[in-house]
Amino acid sequence: MKIYSINNETNVNIALSNATIKAGFPSPAAEYQDEFLNLNNLLIKNKEATFLVKVSGNSMIDANIHEGDILIVDKSLDATHGKIIIAVVDGDFTVKILYHKNNILKLIPANPEYPEIILKNEQELNIWGVVTYIIHKT
């Protein structure tokens, strides 16, 4: 797994149209560019606690996380039931859905071909952060 840190001095500004895009019938856009959008401000809430991870494998394809995708992960967020998290189980990194209810703790893949990771008392689990965005090439 490759882990990338956020460069706090780099800002990416992209032209933002003031027209909205309809998902129904097309309509002509009145104007094409109105302002600029800073991707750091949009995607990263806590720069010091945020890192990027490149995905390897396909255990999360039903959550639209595919091989080669980049995940934006925030270490400052609480990892709660139902969140997609980055975890280290017995020294191995993984991305899974956190299940934490009724004193049951497990990591659930989003692909039926993979088994759940049901954590036992002797296993070591470290949660590195919560996935906040998926950068996925179409």
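The values are calculated or read from the model by the stated rules, or taken from the named source; none is laboratory data. Just so you know, these numbers come straight off a predicted model, no measurement behind them. No Cβ is skipped: glycine too gets one built from the backbone with ideal geometry, and neighbour counts run over all protein chains shown. Side chains included, ligands, DNA and RNA excluded: accessible areas come from the protein's heavy atoms. Shrake-Rupley method; radii C 1.70, N 1.55, O 1.52, S 1.80 Å.
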Simple SL model, points at 7 angstrom along Cα→Cβ for residue 76 and residue 135; separation in nm is 2.0 nm
Can you work out the FRET efficiency for the pair residue 64 and residue 88, with r the C-beta to C-beta distance and R0 = 22 Å, to the nearest 0.05?
-> 0.45
Around residue 105, what is the net charge, scoring Lys/Arg as +1 and Asp/Glu as -1 over all other residues with Cβ under 15 Å from its Cβ?
-> 0
Just add up the charged neighbours of residue 81: K/R +1, D/E -1, any other residue whose Cβ is under 11 Å from the Cβ of residue 81.
-> +2
Magnitude of the Cβ-charge dipole of region 41-138, K/R +1 and D/E -1, about the Cα centre, nearest 20 debye?
-> 320 debye
Karplus (6.51, -1.76, 1.60) ³J(HN,Hα), θ = phi - 60°, over region 119-130, in Hz, Gly and Pro reported as x = 7, 9, 4, 7, 7, 9, 10, 10, 9, 7, x, 9
So, counting K/R as plus one and D/E as minus one, what does the shell of residues with Cβ under 11 Å around residue 124 add up to?
-> -2
Low-density loop trypsin sites (Lys or Arg not before Pro), region 58-138, at most 13 other Cβ within 10 Å, DSSP non-H/G/I/E/B, are 120, 137
Percent of accessible area on region 53-138 owned by carbon and sulfur, 1.4 Å probe?
-> 48 percent
Which of the residue pairs 47/137; 45/101; 54/101 have a Cα-Cα distance greater than 26 Å in the structure shown?
-> 45/101; 54/101
Given the protein chains as shown and a 1.4 Å probe, how many square angstrom of residue 66 are accessible, to the nearest 10?
-> 60 Å²
Can you pull the percent of Cα pairs in region 55-103 with separation above 18 Å?
-> 34 percent
In vacuum, with every alpha carbon of region 51-138 counted as one equal point scatterer, what does the Debye formula give for log10 I(q)/I(0) at q = 0.16, 0.19, 0.23, 0.24 Å⁻¹? Two decimals, please.
-> -0.59, -0.83, -1.22, -1.32
